[in-house]
Amino acid sequence: MNCAQAHSKNLQKGGKKEMKYVLVTGGVVSGLGKGVTASSIGLLLQTCDLRVTSIKIDPYLNTDAGTMSPFEHGEVFVLDDGGEVDLDLGNYERFLDIKLTRDNNITTGKIYQYVIDKERKGDYLGSTVQVVPHITDAIQDWIERVAAIPVDGKEGSPDVCVIELGGTIGDIESMPFIEALGQFSYRVGAGNFCLIHVSLVPVLNVVGEPKTKPTQHSVRKLRSLGLTPDILACRSTTELDVSLKEKLSRFCHVPLQNIVSLYDVPNIWHIPLLLRDQKVHESILKTLNLLSVVRKPVLGEWTAMAQRCDMLQEPIRVAMVGKYTGLSDSYLSVLKALLHASVACRRKLVINWVSATELENSTALESPDVYKSAWNSLKAADAVVVPGGFGDRGVEGKIIAAKYARENKIPYLGICLGMQIAVIEYARSVLGLQNANSTEFDPETKNPCVIFMPEGSKTHMGGTMRLGSRKTYFHVPDCKSAQLYGNQSFISERHRHRYEVNPDMVSQLEKSGLSFTGKDETGQRMQIVELASHPYFVGVQFHPEFKSRPRKPSPLFIGLIAAACGQLDALLKKNIGMKVNIGYTNNNNNAIGKGVSGLSPHHRYGNVKVNVNVNVNNGLHV
């Protein structure tokens, strides 16, 4: 009997497979990195040969994250089924290389809507509908149902479900979920439920020593609500010493070996390694009665990837020209996709944040220094990215950035709105249509390059866009994007938009040199635009960042970074695109950049320690 058969047999009870649950909660403050911790735990269990799925619970009343401002809640992550969900589901997908569904994101709004709909249909037979038991039962049923959905492309239900409870223990809006999870732990039984509490151990500058009292209070609050932590994960700037762990163990009633130190690391790929080194997997598996039937975690490739990221020295500067540059989480998936591609190309990623409005002429008049600084950042970049967005603020600045990249042969990738911007700029500058615009920004424009899509709704904002995975068919086989995708006839990428390139203007634009290389199955929706005369000028209506993975970078981001490094021609000649092996193992002879002139040679010599700087936090929450 092999390892997989052994643990599968162990998970059977009375002929039925027993699901194991790992709950991750947070205390003291928000933003501790519960999402990355939950993702890392999932990866650790996955490398023990367990099939893992994930659920994120968000206690807000919104049905989903679709209508939230990025400043309010970070980016909206889009799933294959069109679900607009919390950005933590993006972390789960990237770490575990799985495909989740909209139901893997539970919100208060979804639960109450479900219960109220049942009440209206008379399903409660006249009972008084209350938080307990109706809401709490609905939460438990939802978790149990979704946990059984396979997310790794294989048949049969997963072995373990990692659940992250958003917010902080003690928040009033999360109380129904706390009660439901307390009941759920009893419902699934001992040996099937493990609770990991992530808490803060701060260091006060005045005192200069770590303080455990906030964590003690957080655990006491958690216990008072009916949940007892099996493992305590302590966030801190530096590693906790044994005496602090002993103190936490004594006052929080958690075994010493289950006190975990989650200190700041150079990049988040080290977190699974940090957990493994402290034998967190053994503590979890022991609690779930799985210790004797699974293998030890195999993280060789992941370790090589994390170490390579630390060793990179030669920088690649990418200008991120956007509307929400004040909060890096607004473009989290784009940042991750750029990082994946940069590491694959053996470059140290540096982001030049450029607020689009600061490139506009009005800023030059009002704040000359700000204007000059923004332009210096743009001109210092090796590549330009204009990500997706909504609304007219900063649009003219994005058009200016696209024009600068096009005219100066700077590699450019426009995503969603960034593609539309590139088309508008081309119509204005090359076709001479000075008033060319999108009807989103100017409903009365005489030259509408971008129009409202027919299937959308102008009255309802939530869930009305063209959402989820859609096919794009290549119409120019030898174009750069087709080659990067391995010369496939079509690809599937995720969409999130209401406006598209006006098909009535396509012929005019193509005659002037712009090429729409990818279209939908009808040929009426423009999905990819390229400029053949440019080193790398690509716009896509979809969001390739949502499917980028650390070990499988997005082909279009690989193309952008390779072009900025002067290595695109070599990459296209290899014609490896999505099938590329990005070389995280030492015996890989086909890795991008290995032995290719012009790529950084630093990885070949010694063990250089250099922190990656992508202008985001170096801790867990990135």
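Values as computed for the structure displayed
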item	result
Qualifying residue in region 177-194 (condition: in contact with a strand residue (DSSP E or B) (Cβ under 7 Å, 6 or more places away or on another chain), closer than 22 Å to Gln278 by Cβ, among the polar types (S, T, N, Q) and crowded, with 17+ Cβ neighbours inside 10 Å)	no
Qualifying strands (runs of 3 or more DSSP E) (wholly inside region 216-330; at least 3 residues being more than 24 Å from Thr168 (Cα to Cα))	315-322
Residue under evaluation Gly167, criteria (1) outside any helix (DSSP H, G or I); (2) without any contact (Cβ under 8 Å) to a residue 12 or more places away in the chain, criterion not met	(2)
Neighbours by Cβ (under 9 Å, 6+ apart or cross-chain): first from region 561-575, among the charged types (D, E, K, R); second buried (at least 21 other Cβ atoms within 10 Å of the Cβ) and modelled with pLDDT under 90	Lys574/Ile592
Identity of the residue in region 216-264, without any contact (Cβ under 8 Å) to a residue 40 or more places away in the chain and among the basic types (Lys, Arg), that ends up nearest to Val24 (Cα to Cα)	Arg223
Answer from His534, His495 - the residue that is touching a strand residue (DSSP E or B) at 6+ places or on another chain (Cβ under 9 Å), surrounded by 14 or more Cβ atoms within 10 Å (Cβ to Cβ) and in a strand (DSSP E or B)	His495
Of residues in region 99-117 being within 17 Å of Ile143 (Cβ to Cβ) and in a loop (DSSP other than H, G, I, E, B), the one nearest to the chain's Cα centre (by Cα)	Leu100
Exclusive hit being of a type in the set (Val, Ile, Thr), under 30 Å from Pro266 (Cα atoms) and modelled with pLDDT of 95 or more, set Val206, Val198	Val198
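The values are calculated or read from the model by the stated rules, or taken from the named source; none is laboratory data. Quantities reported herein were computed from a predicted structural model and do not represent experimental measurements. Positions of Cβ are backbone-derived with ideal geometry, glycine not excepted, and every protein chain shown enters the neighbour counts.
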